[in-house]
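Reviewing the structure listed below.
Just so it is clear, none of the values below were taken in a lab; they were calculated from the coordinates. These numbers were taken from a predicted model, which means no experiment stands behind them. Positions of Cβ are generated from backbone atoms using ideal geometry, with glycine treated the same way; all protein chains shown enter the neighbour counts.
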Amino acid sequence: MDYNRAALFVQVIKSGSFTAAAAAAGLPKSSVSRGVTRLEKELGVRLLQRTTRRLALTDVGQSFYDSIAGSVSAIDHAGTAARDRGPAPTGTVRLTAAPDFVGLAPVLAEFMRKHPGIRVELVLTSRFVDLVAEGIDIAVRAGRLPDSSLVGRRIGAANAALMAAPAYLRRRGRPRSFDELAAHDWVLFRATGGRAPLTLTGPDGAERSVDVEGALVADNMAFCRAAAEAGIGIALLPIAAVIESLEAGRLEQVLPGWTYGGASLSILLPSGRHVPARVALLRDFLVVELGRELGRINQRCQLAKDGGAPPAPRRAATRGGNRAPARDTAQRARAQR
């Protein structure tokens with residue numbers, strides 16, 4: 001019996017579909033399907049009942065899976081352990097994060113310079129990925145952990161702020177108090193029926209809530225940022241996702257004295273299984289470096305929180321600053337005469 005085909009069969013059952021198994025194995029879906037079909041021909045039995053909607057094990061398939069799943073897992077773990085004892089970890093780490101996660105690319109670039117033998121496959125999606133079913137090693141997620149089978153390490157808070165385009169603020173006016181927010185247009189993220197509750201902490205530390213309405217609702221934070229830049233309305237956006245727009249003047253912070261603490265940002269791994277050295281290396285690196293990156297982003301936001309860019313170079317700070325040296329030069333010339 002061909003081991004690779006048997007391992008693909010086990011992966012299909014664990015993942016729940018040929019598509020997810022192909023992603024986990026790093027193979028085309030057609031190759032996975034063909035491998036399982038050839039395994040069935042080799043054994044002379046049907047292992048799976050295939051329909052357009054689901055896969056189901058036959059009785060023989062269930063018995064076969066129960067017999068080999070443990071052995072396949074043990075062989076995989078033994079291979080991983082052997083590779084980890086080598087001079088430097090090698091292999092692939094599959095990582096998932098939100099599409100608009102700013103700062104991840106330079107962190108990964110630095111990691112890959114330090115560990116050239118490790119390849120990173122990045123799955124960018126806004127949905128919550130089933131790490132086990134889709135063969136994901138590490139996830140970077142914000143918010144509460146919906147799955148108790150995951151092990152998390154917190155790296156910071158994904159702070160957010162109210163943002164709007166200068167054109168919108170000129171057209172509709174800038175809100176001067178919390179009570180004025182309900183009268184404004186909004187770009188909402190994953191709102192139901194065009195309405196969403198908004199809870200912010202004021203300068204006095206007290207929380208206040210208001211329901212806001214938006215003519216535009218989207219399930220992608222990058223699109224919400226672009227819609228806010230286009231002047232559609234005010235949006236509650238993660239600082240990390242808008243810091244460049246804020247510095248460039250495409251967005252301005254609204255009511256900067258009011259804050260939204262945001263959700264915890266965590267590094268997640270599936271629990272209850274051996275963590276290969278290459279995965280542990282990337283996990284630990286992300287915990288440290290993404291934490292530092294969040295700190296740098298918060299500092300940049302502090303500089304630009306009033307809607308302006310970071311301080312300009314001293315030479316260009318004021319137009320009048322260049323006049324004094326000119327006067328000094330003229331005075332020196334008269335003194336020499």
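Remark: SER177, SER264 ranked as SER177, SER264, counting other beta-carbon atoms within 10 Å and listing the fewest first.
Pull out a ≥ b ≥ c, the square roots of the eigenvalues of the alpha-carbon gyration tensor of segment 244-301, then state rounded if a/c is under 1.5, prolate if not and a/b is larger than b/c, and oblate in the remaining case.
Values: a/c = 3.83, a/b = 2.45, b/c = 1.56.
Because a/c hits 1.5 or more and a/b exceeds b/c, segment 244-301 counts as prolate.
Once fully extended, how much extra length lies between LYS41 and SER73, figured as 0.36 nm per residue of separation less the alpha-carbon to alpha-carbon distance?
Working: separation 32, 0.36 × 32 = 11.52 nm, distance 2.33 nm.
Fully extending the segment from LYS41 to SER73 adds 9.2 nm.
In a shell of Cβ-Cβ distance under 10 Å around ASP185, excluding ASP185 itself, what net charge do Lys and Arg (+1) and Asp and Glu (-1) give? Numbers along the way, then the final one.
On the way: positive: ARG171, ARG172; negative: GLU213.
Here the count lands on +1.
As a proxy for reagent exposure, ARG300, ARG225, ARG172 were ordered by neighbouring Cβ count within 10 angstrom, fewest first; the result is ARG172, ARG300, ARG225.
Quick one: net charge around ILE138, please, counting Lys, Arg +1 and Asp, Glu -1 for every other residue with C-beta under 11 Å from its C-beta.
+2
Within a straight-line Cα-Cα reach of under 14 Å, LYS29 can be paired with the following aspartates and glutamates, leaving aside sequence neighbours fewer than 8 residues apart in one chain: GLU134.
In order along segment 163-169, the Karplus-derived 3J(HN,Hα) couplings, from 6.51 cos²θ - 1.76 cosθ + 1.60 at θ = phi - 60°, round to 10, 8, 6, x, 5, 5, 5 Hz, and Gly and Pro are given as x.
Between LYS29 and VAL287, what length comes free when the chain is fully extended (0.36 nm per residue of separation minus the Cα-Cα distance, one decimal in nm)?
89.6 nm
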